[in-house]
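See below for the structure under consideration.
Quick note: the coordinates plus some simple rules give every number you see, no bench work behind them. On a predicted model such as this, the values are computed, not experimentally measured, just so you know. We place every Cβ from the backbone using ideal geometry, glycine too, and count neighbours over all the protein chains shown.
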Amino acid sequence: MRTVLSVPAAAEPLLTIDDLLWFLYLYPLRILSAIAPRRFLYPFCKLSWFRARKRRDVAARRMLKARRPGMSDDQIRHIAERFLANSAVRMLDDLVLSWPSYARRLRCREIEGLDHLERARSGGKGVILLTVHFCAIRIAKQYLASRGFPILTVRDEIAEGDWWGRLGRRLLAPRRIEFLQAIMGESVNVQDRGCVLKIVGRLRAEGLVNIHFDGLAGAKTTPWTFLGARRNFSTGIFDIVRLSGCAVVPMLCLGRSSDFRIVFGPMLEIVQPPGRDEFIGANLPAFVETMEQQILKHPEEWEQWMSI
Amino acid sequence: MDEHLNDTMTRIRRVFVESLHLNIRDDQVPYEQMLEDVAILDSIALLEFVTAVEKEFGIRMDPALLDFDFLRDLPALALYIEHRIEATGAGA
């Protein structure tokens, strides 16, 4: 819901609370983030919480539906609180990434399973790093890029957002898109007509491509049960794997910019039946199970509880 | 434009129509228009087309040239394929 500060004759308000919050975030807070310690900035990012109670409650209900056996209601409520806190942490981390000196400020505790990644790369057909939307994913990818592992990210086009007032839409919305594009590193929009070619070009050059398996965009989808609910999965990733012969390695990123971990899992075993539909049917369950396990083990890190 | 290049372009158009199972004659609609339409509907189809072209001509395209604008330029694509065939000795 939009909080209106000033309502002119036009249908859209001149200014909304979101305009003010985005202004604070993109200008004073971003500048402060270059010099101020995290503990000083964190309370500012918590400003967004006053509107987030509903989000937390919805997330908790969905976590209840998807929870692991033996998990109590109290534990779920606690996880939902941490889910909310992590959204503020991610906002701070995005500020860190927005500075050219970000690589010096990222503190990676460990990279686990690098041998899995190297084994996959040795196949010579490129590697898809399979992830879900976890809070630490951007910092992890930028860190890996700074250490000689550049990654092409496949992402949904950044929407302008429908929360702006007239002032915000005109002055802040373009700035917000610029900001987000800059912190995402090298990426390609799934809506671009040459998206698949760019992905396969990178794979053929023995490169790394990151695909969020829980992404909602895709021209063709197939339904499957995911965290206790039906969800449509884009089939594009399976077509790319089938036609390129690339390897698929699950990647898990946990923590925050001042202390994070990256874990590469063993390569997923790709079943190769003849036919497109058969290929999807044979491989989708393993992809879903791998990603579900990541989320159920670290539910507070997953950003998509609101969209299942 | 030399006859050989024309033949290659004709073959590319035919591969395009056949690989994507399009229910049209390959001279009915301009190649560029067909490619645009397919890309909007299903970008995976472009990859299937590239794979079919590579199979037809026995070549492997340079990763840097896997680009929509390059594929759209039929004479440039045909010329590239001819150069690749010459360089690799692949049979036409």
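In table form, for the structure just shown:
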quantity	calculated
Principal-axis tilt of helix B:74-88 within chain B, Cα atoms, nearest 10 degrees	40
Using alpha carbons only: equivalent-ellipsoid semi-axes of segment A:250-308, gyration tensor based, whole Å	28, 15, 8
Residues A:Ile199, A:Ile158, B:Ile12, sorted so that the one with the fewest Cβ neighbours within 10 Å comes first	A:Ile158, B:Ile12, A:Ile199
Sparse-neighbourhood loop sites, trypsin sites (Lys or Arg not before Pro) in segment B:1-90 - DSSP loop, at most 14 other Cβ within 10 angstrom	B:Arg25, B:Arg60
Relative contact order (%) - segment A:22-142, alpha-carbon pairs under 8 angstrom, separation at least six	28
Distance (nanometres) between label positions extended 7 Å along Cα→Cβ at A:Gln191 and A:Ala34	3.2
Sorted by Cβ neighbour density within 10 Å, fewest at the top, the residues A:His133, A:His116, A:His212	A:His133, A:His116, A:His212
Relative contact order %, chain A, counting alpha carbon pairs below 8 Å whose residues are six or more apart	26
Zone residues, segment A:204-228, relative to B:His21, backbone N less than 20 Å from point 7 Å out along Cα-to-Cβ	A:219-223
Theoretical gain in end-to-end length, A:Ala229 to A:Ala11 [0.36 nm per residue, Cα-Cα removed]	74.7 nm
Global geometry of segment A:80-205, whether rounded, prolate or oblate, following the gyration tensor of its Cα atoms and the 1.5 cut on a/c	oblate
Candidate lysines for bridging to A:Lys46, where Cα separation is under 19 Å - those fewer than 8 sequence places away on the same chain excluded	A:Lys54
Projected-area average for segment B:3-86 over all orientations - Cα convex hull basis, square nanometres	5.1
Helix runs (DSSP H) in chain A reaching 24 Å along axis by Cα, Kyte-Doolittle at least -0.5	A:73-97, A:276-297
Folded to 0 to 90 degrees: helix B:31-41 orientation relative to chain B principal axis, Cα	60
Residue-averaged beta-carbon neighbours from other chains (10 angstrom radius) around A:199-207	4
Largest to smallest principal axis extent of the C-alpha atoms in segment A:1-140, angstrom	63, 44, 32
Ascending count of other beta-carbon atoms within 10 Å, so fewest first, for A:Asp18, A:Asp214, B:Asp73, A:Asp115	A:Asp115, B:Asp73, A:Asp18, A:Asp214
Cα-based Rg and Dmax for the protein assembly as shown, where Dmax is the largest Cα-Cα distance (Å)	23.9, 77
Loop-resident sites, segment A:193-253, for chymotrypsin sites (Phe, Trp or Tyr not before Pro), counting at most 11 other Cβ within 10 Å (DSSP)	none
Relative contact order for segment B:3-86, counting Cα pairs under 8 Å that sit 6 or more residues apart, in percent	39
Linear extension gain, A:Ala219 paired with A:Ser258, 0.36 nm per residue minus alpha-carbon span	10.3 nm
Other protein chain Cβ atoms within 10 Å, averaged over every residue that makes up A:233-245	2
Estimated [θ] at 222 nm from DSSP helical runs (n ≥ 4, -39500 (n - 2.57)) normalised by residues in the protein assembly as shown, nearest 500	-15000 deg cm²/dmol
